[in-house]
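Read the structure below first, then the notes.
Where a number appears in this text, it was derived from the coordinates with a stated rule and is not lab data. Not measured: the values here are computed from a predicted model. Counting neighbours? That spans all protein chains shown, and the Cβs are built from the backbone with ideal geometry, glycine included.
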Amino acid sequence: MRGPGRRLGVDVGSVRVGVALSDPAGILASPLVTLARDVRNRRDLAQLGELVLEYDVVEVIVGLPRHLSGQLGTSARDADDYAQRLGHRIAPVPVRLVDERLSTVSASRSLRDRGVRGQDQRAVVDQAAAVYILQGWLDGGARHRD
C-alpha cells in the first residue's frame, strides 16, 4: 500500500520533458509543466530536482516507452538513463520506471477529442502524457520496472 504524499510523473522526450504532479493524497494527477530537454547541461534534471523540493515530492514516476512487443528500444534506454541520472540527483527520493506504452498517443487523442489541435496540442501533449503515466501508476494499473 502506498502512503500519502505528492508524486511527480515524468514523460521523457528527446526535445521536451512533460511533468505532472499528484495531489497530497496521491489520488489525482494534474499537468504541471513542460521542460526543455537539455542533454548537454542537464538543466532539465536540475529543474526537476527543484520541483521535487518545492512540492515535497515523495516519489517520482518516469515513463518507460516500450515497443508494443514489450522490447526496449532507444527511447526506453534513454528514459532509463534519464531516470538513473534523476535518481542520483534527488536521492533519497525514489524514482520508479513504469511501462508507458502509447501514453503520448493516448494523450494526443484525448486532447484532440477535447478540441485542442495543432500548435496548441504540441505545447501541452508532453504534460498530458505525464498525467497519463502518473494517473495510471496512482490507479495501480502501471507495470513497474524498478
key: Built amide H within the under 5 Å cut-off of residue 37, gap 5+   = 16, 17
note = Interchain or sequence-distant (5+) residues whose placed amide H lies within less than 5 Å of the amide H of residue 6 are 58
Label point distance in nm, residue 85-residue 54, each placed 7 Å from Cα along Cα→Cβ = 2.0 nm
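Residue separation times 0.36 nm, minus the C-alpha to C-alpha distance between residue 75 and residue 139: what's the value? Walk me through the numbers on the way to the answer.
Details: separation 64, 0.36 × 64 = 23.04 nm, distance 2.46 nm.
Length gained between residue 75 and residue 139: 20.6 nm.
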query = For residue 40 and residue 124, what is the calculated FRET efficiency with R₀ set at 30 Å and r taken between the beta-carbons, to the nearest 0.05?
reply = 0.75
